[in-house]
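Worksheet: one structure, shown below.
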2 protein chains.
Amino acid sequence: MERVKLESIPLHAVHIQDSFWDKYIRLVKDVILPYQWDTLNDRVEGAQPSHCIKNFKIAAGEENGEFQGAVFQDTDVAKWLEAVAFTLASSGRDEKLEKLADETIALIGRAQCEDGYLNTYYTIQEPDRRWTNLKEGHELYTAGHMIEAAVAYYQATGKKEFLEIVSRFADVICEKFGPKEGQCHGYPGHPEVELALVKLYRVTKEKKYLDTAKFFIDARGQGGNYFEEEERGEKYKQIFPEFAGYQPEYSQSHLPVREQKTAEGHAVRAVYLYSAMADLAYEYQDKELEKACETLWNNMVQKRMYITGGIGSSGLLERFTTDYDLPNDRNYSESCASIGLAMFGKRMGDMTRDASYADIVEQALYNTVLAGIAMDGKSFFYVNPLEVWPDNCLERTSLEHVKPVRQKWFGVACCPPNIARTLASLGQYVYGKDEEALYIHLYVSNETEVKMKGRLYKVKMDSHYLTDGTVKILAERMNTAEEKTENRIGGKIALRIPGYMKKFRIYRNGEKLENPVIQKGYLLLENLGNREEITLKFEMKARFVRANPKVRADEGRVAVMRGPLVYCLEEADNGSNLSSGYIDTQTEPEEVYEPNLLGGIVSVKLKGKCISMKGWEDGSLYGERKPVFEDTVWKAVPYCNWGNRKTGEMAVWIKELIKN
Amino acid sequence: MERVKLESIPLHAVHIQDSFWDKYIRLVKDVILPYQWDTLNDRVEGAQPSHCIKNFKIAAGEENGEFQGAVFQDTDVAKWLEAVAFTLASSGRDEKLEKLADETIALIGRAQCEDGYLNTYYTIQEPDRRWTNLKEGHELYTAGHMIEAAVAYYQATGKKEFLEIVSRFADVICEKFGPKEGQCHGYPGHPEVELALVKLYRVTKEKKYLDTAKFFIDARGQGGNYFEEEERGEKYKQIFPEFAGYQPEYSQSHLPVREQKTAEGHAVRAVYLYSAMADLAYEYQDKELEKACETLWNNMVQKRMYITGGIGSSGLLERFTTDYDLPNDRNYSESCASIGLAMFGKRMGDMTRDASYADIVEQALYNTVLAGIAMDGKSFFYVNPLEVWPDNCLERTSLEHVKPVRQKWFGVACCPPNIARTLASLGQYVYGKDEEALYIHLYVSNETEVKMKGRLYKVKMDSHYLTDGTVKILAERMNTAEEKTENRIGGKIALRIPGYMKKFRIYRNGEKLENPVIQKGYLLLENLGNREEITLKFEMKARFVRANPKVRADEGRVAVMRGPLVYCLEEADNGSNLSSGYIDTQTEPEEVYEPNLLGGIVSVKLKGKCISMKGWEDGSLYGERKPVFEDTVWKAVPYCNWGNRKTGEMAVWIKELIKN
């Protein structure tokens, strides 16, 4: 029997109005898109020129000059357009913004080569070297972002120009790459085009896009490594000196994807690849591929993921290392990698209807992804450590990748636009649906419309999930007069009960449901009537979380979570030297809603101790004196909000006071 | 009043016969020197060819070919010769070894240019680029090692050929560099020649060598940075791509040395520089320079030094970072840096007669330096972490510099020959002397002869310092019949009482001395008679040491030391997952002499607990379950012996059980 996956509700139909998320989502349109537009046009003072729009003008023959920027510079325009598209869909059409986008799309069209090829770096700088360095050239990666943007723009506006541009390019790719004789049997050095081709197939129904995506997935890691092979090509030219010593694991090309059991290499590459694998596992109903996805997912989330939903333990090469290796102060945990983790998790959840995937999606979104952006939207973390001591985050040292302060947007930037597009498309993570059921994954206040068993409902979710744990959902039938349905039994609502939730109550139309059945993490309400009022009362309480003792970095330590939010200590609240801290987990945390702190948060006070400087006044470095402890009350704030006050220390995992 | 520093007793007069040290010293002659000779001659199978001797033959016009190896490849020959020299001096002349050395020296002579210049890289490969890249070219560094070797060989054998070769080269350097017009005002990118020129001055009495050393020290960091200046030279050519982004701190050229307050940059460069500064402070009785040495020393040992005497917290660039930044698992702590720390400490101790310097020298030698070499002498650590989990020491990650297993000697190697020369010249660290007193810095069994107040003594030290803490010293006058002295009062023996020593007893000729006076760490025995029998009974007991709470990495942790030896836990004794361990510091450590373990060591058993895997059988990564503890007895062994059994985890700093 063919399995049917959950579909997203179109972004334009999900109207988010949520006190927690709105402040971030608003930044996309108000701050990020205008700022990025200026950077794309080299108008930001002090910032390295992006040269991005200029490259397109040069490629279009409208300006003179050299290509400037990274080989994947075009993706900055693509990501901007995708975020614009999501914003137009989710926040409503905007004439001025749409005009800018239309003009940019027209420029992209003019920069496209006659044969359909589209990439300003190769067009301007290396016209004879197309497709000769898949490992480093990022042509397919860039193509992928263009395609994603075009699909989003089409879905937001109904306009077809951009879609036609990228379809022509996709046709070039489908002709160039494939298993046939005469075709190139290579695959992207940075996965991305695969999931983009699936998206393009889904809007165009053009099967060859799907087949080429499948080809890329199937070819990867087969036989001799393609990237070693292409180096022997006549026109091969190395691009990045730091790629010397390249290992195929870096791009997940060390083994056929179906044989990969552990998440390896560059974390963003990995999760983009896995997302496409999940798409294809569904499209081809490929159980073997789905199993590979499950194995890789499990390895990641059960052995290689930070409590914040961060992945990629090594600063060097932004990569996975080994099981349980989760150092807190030197990790990479790129914001983009957590976005990719959410993308992968969403696909797996849609396919399997198992809420454990949404648990991880939520963990990544509410912690690492949000931590990636400053609360004013003007600066970003690429690297998301769980412990920071600003003094040792020095350039030209082993910690040079760790920044204690968010960075302004750079000429070349992946994380900021990636965060922007994720925020602008948050709606896709809130719901899933099929013919008869609405799945609620995230408790984010919004209004939407959805058809279940042919009956159209207006659904309004009023969520106080992060504050007092109360969520009210009102589903009311619309058009009952006109609508006819042959179904005698009504639709269903599936409510995700998070894996970490210990207690909750649920009321359906005022009546408490006793011992509701939860399957794969979803509580199913069946046979919906014309008006359903559902109230969930989750026990929203700070809790102490510990890591598997195989995680050496966290042994003897404890983290504080509240709902999906990981908490941390900051110097702003606790003074410096957070490593001196111990938490007494036998005392109750005290939760305080602080409306004026960090935009309104619940802070958590924790009793404990700290190691005193007493006895060390002589400044000696080592000595036999016994440690002196002082009683302390530690104050924790959500990790996603860290670094929004003065620069200082931060720590997630705190030593636990052991009582004997 | 001119201050007089302590002098070393010539190596040939110190006959070490010590159960702890002999096994290492023996390796130099038996294993290291023959092995290195083979590598220098490209005869070691599987090892990258050194090409070192071949380079000299090519430079001498006796063979054809290209230069191969690093720009400083010549230093491998120099370091081998220096270690040979120390070995001939300390272990007795050896005809075969001396013949090899003489032939090599003759070859070096033939490779020397007519004008006295000596460097095979520049002679063969870049004859027109002499002295055009002091930052990276290592010409002065290489010169320094040649000079050091020649001085040592002269002192060991009385043969002058090598000394004459390097003196001719030193003359070239003294002419080229200096403050005068027409001279180059640059200074070495890697300090080393400065201390070498002081050594050369001390044997030749040629003042210009000293003056040029002083010039290099004084010029360093003055005005505009010389290394930036030379890049604008016509013949400048970059050598190391990784030097892009060079910061003057890397080579301690960011400020005039007298204004430097903190130990910065590449740790080996730093301590070689400081050693020369200490030499010159003494030679010129330069109080200001001495003060700078003291300031830098104090910064290092009070804020930037591991308990093992390791320095250099960053793997990237093998450099210092910031005060109290002493991570245990990702540090560099190069073996050579600790050797340089000992060199610097010895010079400061000789000058100030303050035993606190010897405390650090001892700490570096007995821990990091010895850990640098395998007990079979066949493999070496360059990097000396204080905590190792072999699983995460992966290539192409942030921890790629950390090796859980010692490495075989490489084609280019600094640490192995540096350790070899240190072991072969250990005698210099044992004693210091002046006209009237013998200073005993290290309790290493040996016999020597020394004159005090004109009276010649045979001194025999029988040390069981590391086992039961007993040291017997017998000083007997020789030649009493022939010797005449006008001194009516006899000489003195100064015994170092280590700063960490809490209790000891001392007997002079069978009589216990009550409340002996200790000045600057030395206990002075005056007016020596013809026969003095001194017995020291140190309380040699394992002790718990803690770090200043500003050392974030060590907070809540404890290390075990016994005498100068730092202890560690190894997987071989304790199983894996050492991070699960807690030590109960309120119970007494149990010390056991184990004659069959690691060549005979005292192991220390420590009561404590470990975090159990109980409750985590489901393999989850995070959870709320409370930690389960199990009683455990941990076994610690000396850090210097770690990694001599099967590959496994190691840890110095262990969590301390806090009792409330």
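Residues in region A:305-319 that are facing chain B (nearest Cβ under 9 Å) and on the phi < 0 side of the Ramachandran plot: A:305, A:307, A:313, A:314, A:315, A:316, A:319. Checking residue B:45 against (1) out of contact with any strand residue (DSSP E or B) (no Cβ under 7 Å at 6 or more places or on another chain); (2) within 20 Å of residue B:420 (Cα to Cα), which test does it fail? Condition not satisfied by residue B:45: (2).
Candidates in region B:602-660 are the residues that are small (Gly, Ala, Ser) and facing chain A (nearest Cβ under 10 Å); of these, the one that is farthest from residue A:582 (Cα to Cα) is B:619. Is region A:336-343 home to any residue that is under 29 Å from residue A:401 (Cβ atoms) and open to solvent by 10 Å² or more (accessible area, probe 1.4 Å)? Yes, region A:336-343 contains at least one residue that is under 29 Å from residue A:401 (Cβ atoms) and open to solvent by 10 Å² or more (accessible area, probe 1.4 Å).
Can you say whether residue A:567 is open to solvent by less than 40 Å² (accessible area, probe 1.4 Å) and of a type in the set (Phe, Trp, Tyr), as far as the supplied structure shows? Yes: the conditions hold for residue A:567. Every condition in (1) surrounded by fewer than 24 Cβ atoms within 10 Å (Cβ to Cβ); (2) under 24 Å from the mean Cα position of the chain (by Cα); (3) within 15 Å of residue A:134 (Cα to Cα) holds for residue A:202 except the one numbered (3).
Those strands (runs of 3 or more DSSP E) of region B:581-627 in which 1 or more residues are more than 40 Å from the chain's Cα centre (by Cα) are absent. Taking region B:382-391, which residues are open to solvent by less than 10 Å² (accessible area, probe 1.4 Å) and not in a loop (DSSP other than H, G, I, E, B)? If the condition is that a residue be open to solvent by less than 10 Å² (accessible area, probe 1.4 Å) and not in a loop (DSSP other than H, G, I, E, B), then B:388 is the only one that fits. Of all the numbered requirements in (1) open to solvent by less than 20 Å² (accessible area, probe 1.4 Å); (2) more than 23 Å from the chain's Cα centre (by Cα), residue A:190 misses one, and that requirement is (2). Filtering region A:614-650 to residues that are under 14 Å from residue A:574 (Cα atoms) and acidic (Asp, Glu) leaves A:630, A:631, A:649. Scanning region A:628-648 for residues that are more than 25 Å from the chain's Cα centre (by Cα) and not in a strand (DSSP E or B) yields A:628, A:646, A:647, A:648.
When residue A:338 is tested against (1) in a helix (DSSP H, G or I); (2) in contact (Cβ under 8 Å) with a residue 24 or more places away in the chain; (3) over 18 Å from residue A:638 (Cα atoms), only condition (3) is not met. Scanning region B:62-75 turns up no residue that is in a helix (DSSP H, G or I), under 16 Å from residue B:422 (Cβ atoms) and without any contact (Cβ under 8 Å) to a residue 12 or more places away in the chain. Among residues of region A:547-559 that are under 10 Å from residue B:623 (Cα atoms) and at the interface with another protein chain (Cβ under 7 Å from one of its Cβ atoms), those with a beta-carbon under 6 Å from a residue that is assigned to a strand (DSSP E or B) and not small (Gly, Ala, Ser) at least six positions away or on a different chain give the pairs A:547/B:622. Residues in region A:398-426 that are of a type in the set (Val, Ile, Thr), surrounded by 22 or more Cβ atoms within 10 Å (Cβ to Cβ) and closer than 25 Å to residue A:577 by Cα: A:402 alone. Open to solvent by 20 Å² or more (accessible area, probe 1.4 Å) and either at positive phi or among the small types (Gly, Ala, Ser) (or both): does that describe residue A:559? No.
Let's see how each residue does on (1) open to solvent by less than 30 Å² (accessible area, probe 1.4 Å); (2) away from chain A (no Cβ under 14 Å); (3) out of contact with any Gly (no Cβ under 9 Å at 6 or more places or on another chain); (4) modelled with pLDDT of 95 or more:
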position	(1), (2), (3), (4)
B:267	yes, no, no, yes
B:280	yes, yes, yes, yes
B:284	no, yes, yes, yes
B:287	no, yes, yes, yes
B:292	yes, yes, yes, yes
B:295	no, no, yes, yes
B:300	yes, no, yes, yes
B:303	no, no, no, yes
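Out of all the residues in region B:495-516, is one or more closer than 17 Å to residue B:438 by Cβ, open to solvent by 90 Å² or more (accessible area, probe 1.4 Å) and touching a Lys or Arg at 6+ places or on another chain (Cβ under 8 Å)? No, that holds for no residue. Being closer than 24 Å to residue B:159 by Cα, assigned by TED's automatic domain parsing to the domain that holds residue B:139 and touching a His at 6+ places or on another chain (Cβ under 8 Å) is the requirement here; does residue B:82 meet it? When the stated conditions are applied, residue B:82 passes them.
Annotation note: Cβ proximity below 8 Å between a residue of region A:598-613 that is polar (S, T, N, Q) and a residue that is open to solvent by 10 Å² or more (accessible area, probe 1.4 Å) and in a loop (DSSP other than H, G, I, E, B) (sequence gap 6+ or interchain) occurs for A:603/A:597; A:612/A:627; A:612/A:628. Would you please name the residue that is least open to solvent (accessible area, probe 1.4 Å), looking only at residues in region A:442-463 that are over 30 Å from residue A:378 (Cβ atoms) and touching a helix residue (DSSP H, G or I) at 6+ places or on another chain (Cβ under 7 Å)? In this case the residue turns out to be A:448. Every condition in (1) open to solvent by 10 Å² or more (accessible area, probe 1.4 Å); (2) of a type in the set (A, V, I, L, M, F, W, C); (3) within 8 Å of chain A (Cβ to nearest Cβ) holds for residue B:592 except the one numbered (3). Residue count for region A:24-59, restricted to those that are assigned to a helix (DSSP H, G or I) and open to solvent by less than 40 Å² (accessible area, probe 1.4 Å): 17.
Each residue in region A:227-243 was checked for being within 14 Å of chain B (Cβ to nearest Cβ) and open to solvent by less than 60 Å² (accessible area, probe 1.4 Å), and 2 pass.
Can you find, within region A:563-580, the residue that is nearest to residue A:629 (Cα to Cα) among those that are part of a helix (DSSP H, G or I) and touching an Asp or Glu at 6+ places or on another chain (Cβ under 7 Å)? The extreme case among them is A:580.
Look through region A:362-381, keep the residues that are open to solvent by 10 Å² or more (accessible area, probe 1.4 Å) and modelled with pLDDT of 95 or more, and return whichever of them is nearest to residue A:4 (Cα to Cα). This residue is A:363.
The values are calculated or read from the model by the stated rules, or taken from the named source; none is laboratory data. Please read all numbers here as calculations on a predicted model, not as lab measurements. Note that we place each Cβ from the backbone using ideal geometry, even for glycine, and neighbour counts take in every protein chain shown. SASA here: full protein model, heavy atoms, side chains in, ligands and nucleic acids out. Shrake-Rupley method; radii C 1.70, N 1.55, O 1.52, S 1.80 Å.
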